[in-house]
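Undergrad: Quick one: the structure is below, questions incoming.
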Amino acid sequence: TPPVPALELMSVSHSYAARKALDNVSFAIQPGRFAVLLGLNGAGKTTLFSLVSHLFATGSGEIRVFGYDISRKPGDALRRLGIVFQARTLDLDLTVRQNLSYHAALHGIGARETRRRIEALLESIDMGDRLNDKARSLSGGQMRRVEIIRALLHRPSLLLLDEATVGLDVNSRATILADIRKLVQEEGISVLWATHLIDEVNDADQVIVLDKGRLMADGGVANLIEATGAGTISEAFA
Ligand code: ATP
């Protein structure tokens, strides 16, 4: 039998009043994959993330996280998710450790395990020496990486990131992508990375393309290039 997908959308639609933000979208992400959700502004990426994280209910269709229906078993589904939203969400007046400890406490992680996990995760991204610094003193890229680590504290199986590199310079973007790659390998998690930036597609195991709420493509980078007859990924989506 095939493995249970990390994430599965079945004929998902969603409208805001008369505006259709998602139109009959279906796809599946297999465990351990790094999937990129590519779409321009207004494509429906944030709406899709809101539905998967159960911020509001799906208009129609079904969403499953490791087999758990998000509307019927929200607790089981949400415990398996880690989410990095588009907006900045660290408390700038707290230290890195305080920002992370608070989240760990919300997830019922004990004090000793919290300390160990925070130190190991920060070390893995070379930020072990920033533990007691105020979040305010970090660069934009470092703040994002702390947010990513925060989303991983409770050992989710699927990490969702919405435009995680917006506003960051080229170096920070590359660092974050490399960190994510490493974490995917070390923690064995699946990732759905939403972006409008074509150059963030190159590393993906799977590319899901949304346009005005519709699924335009779903496959490996090579398949997409082949399907469109283009020589490079940028040409394929030009
Ligand atoms: P962006 O990167 O700009 O956030 P997106 O791909 O995330 O774009 P969504 O934010 O999901 O796209 O928006 C999809 C469509 O739904 C857009 O046409 C948007 O204007 C509309 N929309 C989103 N949120 C609402 C809302 N709360 N009320 C009405 N329309 C909305």
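Undergrad: How far is the Cα center of the stretch 59-88 from the Cα center of the stretch 104-149, in Å?
TA: Centre-to-centre distance over Cα atoms comes out at 24 Å.
Undergrad: Give me the net charge of residue 221's neighbourhood, meaning all other residues with Cβ under 11 Å from the Cβ of residue 221; Lys, Arg count +1, Asp, Glu -1.
TA: On the way: positive: none; negative: 203, 205, 226.
Taking every Cβ under 11 Å from that of residue 221, the sum is -3.
Undergrad: Per the 1.4 Å probe, what fraction of the accessible area of the chain, in percent, lies on carbon and sulfur atoms?
TA: On the way: 5660 of 11430 Å².
Carbon and sulfur: 49 percent of the exposed surface of the chain.
Undergrad: Separation between the residue 40 and residue 211 pseudo-spin-labels, each 7 Å from Cα along Cα→Cβ, expressed in nm?
TA: 0.9 nm
Undergrad: Starting from 0 in steps of 5 Å, tell me what percent of the Cα-Cα pairs of the stretch 82-153 lands in each bin.
TA: Over the stretch 82-153, the share of Cα pairs per 5 Å bin runs 3, 18, 33, 28, 15, 3, 0 percent.
Undergrad: Please report the orientation-averaged projected area of the chain, defined via the convex hull of its C-alpha atoms, in nm². Don't skip to the answer; put the middle values down first.
TA: Working: hull surface 54.8 nm².
So the Cα hull casts an average projection of 13.7 nm².
Undergrad: Could you grab the relative contact order for the stretch 114-224? Cα pairs under 8 Å, six or more apart, rounded to a whole percent.
TA: Numbers: 91 pairs, mean separation 21.2, N = 111.
Relative contact order of the stretch 114-224: 19 percent.
Undergrad: Let me ask something additional. Quick one: accessible surface of residue 113, probe radius 1.4 Å, all protein chains present, in square angstrom to the nearest 10.
TA: 60 Å²
Undergrad: Summing +1 for each Lys or Arg and -1 for each Asp or Glu, what net charge is found among the other residues whose Cβ lies under 13 Å from the Cβ of residue 20? Could you put the intermediate results ahead of the total?
TA: Working: positive: 19, 212, 214; negative: 23, 211.
Every neighbour counted, the sum reads +1.
Undergrad: May I ask you to give the solvent-accessible area per residue for the stretch 30-93, in square angstrom, as obtained with a 1.4 angstrom probe? Before the final figure, lay out the partial values.
TA: Values: 3050 Å² over 64 residues.
That works out to 48 Å² for each residue.
Undergrad: So what does residue 64 come to for accessible area, using a 1.4 Å probe and Å² rounded to 10?
TA: 70 Å²
Undergrad: If you place +1 on the Cβ of every Lys and Arg, -1 on the Cβ of every Asp and Glu, and leave all else neutral, what size is the dipole of the chain about its Cα centre, to the nearest 20 Debye? All intermediate terms of the calculation are to be shown ahead of the outcome.
TA: Values: 27 positive and 28 negative charges, 162 e Å.
So the dipole magnitude of the chain works out to roughly 780 debye.
Undergrad: Using a Cα-Cα cut-off of under 13 Å, which aspartates and glutamates could be cross-linked to residue 45, ignoring same-chain neighbours fewer than 8 residues away?
TA: Excluding near neighbours in sequence, the set is 23, 162, 163, 211.
Undergrad: For residue 73 and residue 55, calculate 0.36 nm times their separation in residues minus their Cα-Cα distance, and state this gained length in nm to one decimal.
TA: Computed gain between residue 73 and residue 55 is 5.1 nm.
Undergrad: Now for a different question. Please give me the summed charge of the neighbours of residue 184: other residues whose Cβ is under 13 Å from its Cβ, Lys and Arg +1, Asp and Glu -1. Display every interim value, and only then the final one.
TA: Values: positive: 33, 181, 182; negative: 179, 186, 187, 203, 205.
Every neighbour counted, the sum reads -2.
Undergrad: Let me ask something else about it. Starting with the highest mean, order 44-55, 10-21 by the number of other Cβ atoms within 10 Å, averaged over the residues of each peptide.
TA: Result, highest mean Cβ count within 10 Å first: 44-55, 10-21.
Undergrad: Continuing with the same structure: Given contacts defined as C-alpha pairs under 8 Å and at least six residues apart, what's the relative contact order of the chain, whole-number percent? Walk me through the intermediate numbers first.
TA: On the way: 439 pairs, mean separation 65.6, N = 238.
Relative contact order for the chain comes out at 28 percent.
Undergrad: With a 10 Å cut-off between alpha carbons and a GNM built on the chain, which of 161, 106, 40 moves the most?
TA: Comparing 161, 106, 40 in the GNM, the peak value goes to 106.
Undergrad: Stretched out fully, how many nm does the piece from residue 62 to residue 17 gain, at 0.36 nm a residue minus the Cα gap?
TA: In short, 14.2 nm is gained.
The values are calculated or read from the model by the stated rules, or taken from the named source; none is laboratory data. It should be emphasised that the depicted structure is a prediction, and the values quoted were computed from it without experimental measurement. Heads up, the Cβs are rebuilt from the backbone with ideal geometry, glycines too, and the neighbour counts pull from every protein chain shown. The accessibility values were calculated without ligands, DNA or RNA, using every heavy atom of the protein model including side chains. Shrake-Rupley method; radii C 1.70, N 1.55, O 1.52, S 1.80 Å.
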